[in-house]
1. What does the extension gain come out to for residue 179 and residue 47, with contour length at 0.36 nm per residue minus their alpha carbon separation?
2. Work out how much length residue 298 to residue 194 would gain on full extension: take 0.36 nm times their residue separation and subtract the Cα-Cα distance, in nm to one decimal.
3. Fully extended, how many nm does the chain gain between residue 238 and residue 64 (0.36 nm per residue separation, minus their Cα-Cα distance)?
4. With an 8 Å cut-off on Cα pairs and a minimum separation of 6 or more residues, tell me the relative contact order of segment 63-341 in percent.
5. Each label point is 7 Å from the Cα along the Cα-to-Cβ direction; what then is the distance between the points at residue 167 and residue 208, in nm?
6. Any idea what angle helix 2-32 forms with the longest principal axis of the chain, computed on alpha-carbon atoms, 0 to 90 degrees, nearest 10?
7. Which of 288, 232, 114 ends up with the largest GNM mean-square fluctuation for the chain, with Cα atoms connected below 10 Å?
8. Please identify, among 50, 198, 225, the residue showing maximal mean-square fluctuation in a Gaussian network model of the chain using a 10 angstrom Cα cutoff.
């Protein structure tokens, strides 16, 4: 009997110990992995949160990018894409322009080099991107009726561009240019619509971790859909729709900060006075960009900014914005180059790459 009593006593004590231990561990684990706003710049920052749940909110913030150059070369009167590559700034014109990219002198605004793409056509070039080895030119502007079936990205090795001091006019041979064609996963049968009345226009692209990321210019409900092409190799692809974010403006450009998990989106409200905006996306995870911090900056209107469509980082926090030449009644806003610095709005890690301004 005494043995039975001792056995029951030990078992009951062990059970209580296990139960208490379970609750202590669960409680500690719960407090250790709190989900909330992890951005110290947000007005609802939770210092105890270890997992970002995308709930950060911010006060209204007005920001005015500084004018770097009061006028870019007249060649770039419709500058639509902007990209830093090889310590040089590059741009292109949109639809109807030459099938060429241009190396810009950031001190004078002059074109240092014109690089033509042999046998390419500029139906509506809207964006440039660079992955450290290859240049990407996005011919996917689609605002006329939203029904293009020839959406494509031209890709070529940056090393195929000769030195500009010896060859200010150069050509990339057609055999060295790859073509990445695609269609949108949720636009199975492209149908014509009125001009500037489609969900399937696009002017923004970044190449990140071996994938091509597109951000739609949604004229219908002022949002942007993030599409992914899961390869950068030549071929035909379906751009997968992975997430959508309401913006309140149409997105015209995108850039990823070098060495940082930060994406910026640029765009404008498509009615007078054409106020511009920038989204800073950070703290994201899982291969998507809209599940983290989404800080929106209010930029000047079109009478000051023109129609801004190009944006690129030069280092972790600093970069450039370009605009098309815009005529509005008695006003003409020349194509200009502006600079921006987001270091006051987001945490920049020490791994950011440096570059001259």
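1. Value of the extension gain: 42.8 nm.
2. Working: separation 104, 0.36 × 104 = 37.44 nm, distance 2.87 nm.
Gain in length upon complete extension: 34.6 nm.
3. Extra length available between residue 238 and residue 64 comes to 58.9 nm.
4. Numbers: 790 pairs, mean separation 50.1, N = 279.
The value is 18 percent.
5. Between residue 167 and residue 208, the simple spin-label model gives 3.3 nm.
6. Helix 2-32 and the main axis of the chain meet at about 20 degrees.
7. Taking springs between Cα atoms under 10 Å, the residue moving most is 288.
8. Its mean-square fluctuation being the largest, the pick is 50.
Coordinate-derived values only; no laboratory data. These numbers come from a predicted model, not from an experiment. For neighbour counting, all protein chains shown are included, and Cβ atoms are generated from backbone atoms with ideal geometry for every residue, glycine included.
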